[in-house]
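Below is a structure I'd like to ask you about.
Where a number appears in this text, it was derived from the coordinates with a stated rule and is not lab data. Because the structure is predicted, anything quoted here is derived from the model rather than measured. Every residue, glycine among them, receives a Cβ derived from its backbone with ideal geometry; neighbour counts consider all protein chains shown.
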Amino acid sequence: MTIASPENGLPYPPELASASAGLTAPRGLGVLSERHGRALTLLGRRLIQIPLVLLAVSALTFWLVQLVPGDPGRNALGQYATAAQVHAWDVSNGLAGSVASRYLHWLGGFFSGAWGASFVYLVPSRPLILGHLANSAFLALYAFILLVPVSVLLGSVQAYREGRRTDRVITISLMTLSSVPEFVIGVLLLVAFAVGLKAFPVQSAADATGDLGQRIHATTLPAVVLAASYLAVLARMVRTGTAGAITAPFHRTAVLKGLPRSVIVRRHVMRNALIPTLQLLGIYLGGLLGGSAVVETLFNYPGLGALMVTAAERKDTVLLTDGVMVTGVLALLALLLTDVCMILLDPRIRFGNAEG
Amino acid sequence: MDLVPERSASTGRIGTVPALLRRPTFVLSVLVVICWSGAALTWHRFGLNPYDNTGQVLSAPSWSHPFGTDNLGRSVFARTLAGTGSALAVGPAGAVLATVIGSVLGVISAYFRSWVDTALMRLFDVLAVLPPLIFLIVIVAAFGASSPALTVIIGVVFAPGIARIIRAAVLVEMGKKYVTSARLQGESALRIMAAELVPNVAPIIVIQATLSLSAAVLMTATLSFLGLGQQPPSPDWGLAINQNIDYIETAWWTVIFPALAVASLVVAVQLIADNIKEAWS
């Protein structure tokens, strides 16, 4: 194949031909398509990684949950059931056999949608988990809507006032706020706004069928607590990103060529400041969606986090395994989503270097 | 060959203590921690009884009961002071364990590289997928929540994060000449790691230890609050909030004082860590 033939008219072997084509590197759109190729490689690698990581997480979770003490079959049937009856119950619920065979049985069930039934709630775990997940997602979305504008505002104010008193005061306040436990912030807000001012209900058990306005009102305090716990770290990222963009040469160029300030902020500062912020949000999004066990328990909110706590407390192994798997899937999907957003937002990304 | 200038990390330690003592937040935080430690050691000498019913249920703060009484008629003041015991036992022990495991794994991983490094890092990647609290909930369900079990759990769960940071720091040190000279002198791997590398990353280890201490105190309080940590009748702060949150509308004092106690301890330890970090960098 490498021998030059008169038919195709090549004066030298094809490898050399392609090598010289590589030397006269494609410019403009050609470079762009190469970058897209790289991005697709990254996405492809992620799509292979994610199932493997999920498999490892599921095996670890399944093994850990098997160590939970207690005898679900005995608990379900009561103390008068015979050993044979308990064994039959175990077999029908996929609890008999070795850990490996039970794991495979469970794994097959999880991916085909047959998730087993909760021992405690005595209902199939799938609708139970998905219902609580929807509640957690509502709370997370609300917290997110509160969180993003406030942290972008605080972070950019700090960056524009870097090193001055405003910057220091905001830094110290946010640092203190971030180290106060979530449930303490929650208790203080409850005492002030629910018990003292009676502005919000003490229990925010969300009723999905209820009026949306009422639901938002009831979810306000938990959403504020959830947002407060992520505020400091997010504002910090915005501050770093914005400060970097303000001191960059392209910012000076934009100012010197007389662009209006709103255009500079929108097109040059914000875009650059939001890239690291977005990366961080992706890491937290999975946790946010999976529900905050603390906030949900404190406000008696029926979310996935609180459901996991109940499952752990009552030794509901089926519910616990399925719920933790859902949390793991969500966290990985959130990371994938972040990768996609980063590619769309930042064409410079060199993924080969970012992977360390 | 003069190796002293390369040990830049150790020069940062000279003059650190006076610099720290000039920082008001550091001094205040250390005082708070000393007060709580003092309370943990001495509360039972003052005739306080955190377990007995005083006969008054959910009574408001008064002279005889400065913080009021809880749903079982127990003095909240006595229970808040007695709660220092569990707060200052499990968390700090877990943090020490996490620092030891994390430092050892981090140094080994960076020193030997190759498959040891790859295997450890991939394992940590898998462990990092689940949100930390969910991971803790599963582990606590599996292994129970007795104080020794909790200490080991916190040690194991917090170790990967520390290991990663120590690994990164040791990787930087590995490129310096003193490591090469030590190797040429024929020092054993164990000696290079323990006598050469660890002293040079010691400031980073101390900072990670303080940071994980604050996180560990927070985690134990959070687990107790969720009902998965200390069990009744322990006077633990997190547990006290869990037990009394239903009475918040009529008896706010049953939850506010334990909540403020947790917050003061966690914030104080966090501020100590932040101050050390700033003083050293």
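Can you list the residues, at least 5 places off or on another chain, whose amide H is less than 5 Å from the amide H of A:A117, using H built in the peptide plane?
Counting only residues 5 or more places away or on other chains, the set is A:S125.
Based on other C-beta atoms within 10 Å, arrange B:F225, A:F119 from fewest to most.
Placing the least packed residue first, the sequence is A:F119, B:F225.
Output needed: percent of Cα pairs per 10 Å distance bin for the protein assembly as shown, bins running from 0 to the one holding the longest distance.
3, 12, 21, 25, 20, 11, 5, 2, 1, 0, 0
Moving on. Using a simple charge model, +1 on the beta-carbon of Lys and Arg, -1 on the beta-carbon of Asp and Glu, nothing else, what dipole does the protein assembly as shown show about its Cα centre, in debye to the nearest 20?
Computed about the Cα centre, the dipole is about 1880 debye.
Still on this structure: Which ordering of A:L174, B:L120 is given by a fewest-first count of other beta-carbon atoms within 10 Å?
B:L120, A:L174
Of A:D71, A:D211, how do they rank once you tally other Cβ atoms within 10 Å and put the fewest first?
Final ranking by Cβ density, sparse to dense: A:D211, A:D71.
For chain B, what's the relative contact order in percent, using C-alpha pairs closer than 8 Å and at least 6 residues apart?
About 28 percent, as a whole number.
Would you mind getting me the FRET efficiency between A:V340 and A:A134? Use the beta-carbon distance for r and R0 = 25 Å, nearest 0.05.
Taking R0 as 25 Å, the efficiency between A:V340 and A:A134 is 0.60.
Shifting gears a bit: Tell me, what HN-Hα J-couplings in whole Hz come from the Karplus equation 6.51 cos²θ - 1.76 cosθ + 1.60 at θ = phi - 60° for each residue of segment B:128-139, using x for Gly and Pro?
Once rounded to whole Hz, the list reads 7, 5, 6, x, x, 5, 4, 4, 4, 4, 5, 5.
Something else about it: Which ³J(HN,Hα) values in Hz, rounded to whole numbers, follow from the phi angles of segment B:180-186 under the Karplus curve 6.51 cos²θ - 1.76 cosθ + 1.60, where θ = phi - 60° and Gly and Pro get x?
So the Karplus estimates, Gly and Pro as x, are 4, 4, 4, 5, 5, 5, x Hz.
Give the calculated FRET efficiency between A:Q214 and A:R74 to the nearest 0.05, with a Förster radius of 41 Å applied to their Cβ-Cβ distance.
0.40
May I pose another question? Give me a comma-separated list of calculated 3J(HN,Hα) values for segment B:217-233, in order, Karplus coefficients 6.51, -1.76, 1.60 applied at θ = phi - 60°, integers in Hz, x for any Gly or Pro.
4, 4, 5, 5, 5, 5, 4, 4, 4, 6, x, 9, x, 4, 10, x, x
Of A:A248, A:N300, A:L289, whose Cα points farthest to the positive end of the dipole of segment A:219-303 (charges on the beta-carbon: +1 Lys, Arg; -1 Asp, Glu; origin at the Cα centre)?
It is A:A248.
Follow-up. For chain B, find the longest principal axis of its Cα atoms and tell me its angle to the long axis of helix B:147-174, 0 to 90°, nearest 10.
Between helix and principal axis, roughly 30 degrees.
Below 8 Å between Cα atoms, with a sequence gap of 6+, how large is the relative contact order for segment B:142-264 in percent?
So the answer I get is 19 percent.
How high is the FRET efficiency from A:L104 to A:N300, r the C-beta distance, R0 41 Å, rounded to 0.05?
0.60
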